[in-house]
Amino acid sequence: MKKRAIMISMLLVMALSVTGCSQKTATKNDDTKTEETASTDDTEQTDSDSEEDTSEDSPTTAELMADIDVEKCVTLGDYKGITVEKTIQSVTDEDVQNEIDDALASYPVEVDRTAKEGDTVNIDYVGKIDGTEFDGGSDQGADLKLGSGKFIDGFEDGLIGAKKGETRTLDLTFPEDYTQDLAGKAVEFTVTVNAVKEPLTEPTDQWVADNIEGYDNVADYKAGIRSDQEENNEQTAENQVRYSAWTQVVENCTINEYPDSLVEIGKNLYVQQVETYAKYAGMELDAYIESSGLSQDEYESNKEEYGKNVAAQALVCQAICDKEGFAIGDDAYKEALDKMLTEYGCTEDELIQTYGQDNVEQSIMLNRVSDLILANANVTEVQADSSSDSTEDSSAN
């Protein structure tokens, strides 16, 4: 399973930029369509929700640091020889089975009987209002789980008892709180059932070959799931130990002064984060803050503390870089950048265009500092499993 560092802004310093993109076992035929017009789930997601702000109008963190007396602002504490615990969660048979059960539910198999609640039916349907088809009211080859509530009231119930090849006419009414063009209108759906499907209780070699990318039998599939989960657990433990180590290092330091320019970076990131949450909730910023139970004064206080937290971490990172002789553009930086470009499969210009110069620079430098801290730390590994009294310890330097 390929792992790569995720680009971050200073917003995510505490989580560190070493978080990996972990994907479950890839599956075939994963483009199942759901008819949005007949569905009650009309939530929209756009690519812009996940886009990074890569504007280069503002100075980078490195440029700001050039005008800051870092040695005056922060007194470094111990960052070598710290002790941290790394707990790796064991993968149980239940963990493996849960993932298999999820996959079985996602890829049901055809059965020769009438449909019942909980089954998945593959359907073609045409929706008409006053005898005329309307945009988004028709589809072909759509999978629908009966009882899921994905479609308007009466649609799914109207297919209970249907069998393969049967066509039914459903006279329904759109809810009053539906989209403006359709709310409260009578609609006629003509639905043809192409197949009735239900999940297997256990996977078969044929089901694996048909649905799970990269596997053609159950034994290999189960072994692959276990291997992937073990790798995910190892990555989670690695991220957590890096987080713990960095937190401890920052706490070991004394911040004597918070430069306004760095605090402002953190405050802006805090606002961006809250605005994103508000957008997901479909609310204006002020309404979202109020719904969170915060007064405006409390919100401003939180923003200030967040800004100071970001500033503190930026100062500590820079102070360690200065002491160790780490610099943007040195040989180790170029090596780390080349590795990142290989992992991302892009050019440096493309990387910067996507994530921004500051994010690229700070991600690399933070990783170098984190690697240094862990290379000199006393890491106690604990293998956790389902038994609370069974642990296995070892020490690594």
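Things to note:
- Residues (crowded, with 18+ Cβ neighbours inside 10 Å and assigned to a strand (DSSP E or B)) located in region 73-88: 74, 84, 86, 88
- Complete set of residues in region 208-242 that are hydroxyl-bearing (Ser, Thr, Tyr) and surrounded by fewer than 18 Cβ atoms within 10 Å (Cβ to Cβ): 227, 236
- Count - residues of region 122-142 that are free of Cβ contacts under 8 Å to residues at least 24 places away in the same chain and within 16 Å of residue 166 (Cα to Cα): 1
- Selection within region 105-121 - open to solvent by less than 40 Å² (accessible area, probe 1.4 Å) and farther than 13 Å from residue 160 by Cα: 107, 108, 111
- Residue that is nearest to residue 107 (Cα to Cα) [pool: residues in region 141-157 that are touching a Phe, Trp or Tyr at 6+ places or on another chain (Cβ under 8 Å) and not in a loop (DSSP other than H, G, I, E, B)]: 144
- Which numbered condition residue 210 misses (of (1) touching a strand residue (DSSP E or B) at 6+ places or on another chain (Cβ under 7 Å); (2) not in a loop (DSSP other than H, G, I, E, B)): (1)
- Criterion: within 26 Å of residue 209 (Cα to Cα), open to solvent by 80 Å² or more (accessible area, probe 1.4 Å) and touching a residue at least 24 places away in the same chain (Cβ under 8 Å) - qualifying residue of 150, 145, 185: 145
- Odd one out for residue 373 among (1) exposed (fewer than 15 other Cβ atoms within 10 Å of the Cβ); (2) within 23 Å of residue 246 (Cα to Cα); (3) touching a helix residue (DSSP H, G or I) at 6+ places or on another chain (Cβ under 8 Å): (1)
- Evaluated against (1) more than 30 Å from the chain's Cα centre (by Cα); (2) of a type in the set (A, V, I, L, M, F, W, C); (3) within 21 Å of residue 200 (Cβ to Cβ), residue 104 falls short on exactly one condition, (1).
- Some residue of region 290-299 being closer than 25 Å to residue 243 by Cβ, in contact with a strand residue (DSSP E or B) (Cβ under 8 Å, 6 or more places away or on another chain) and modelled with pLDDT under 95: no
The values are calculated or read from the model by the stated rules, or taken from the named source; none is laboratory data. Everything quoted here is computed from the prediction, not taken from an experiment. Glycine gets a Cβ as well: all are built from the backbone with ideal geometry, and neighbour counts include every protein chain shown. Calculation scope for accessible area: heavy atoms of the full protein, side chains included, ligands and nucleic acids excluded. Shrake-Rupley method; radii C 1.70, N 1.55, O 1.52, S 1.80 Å.
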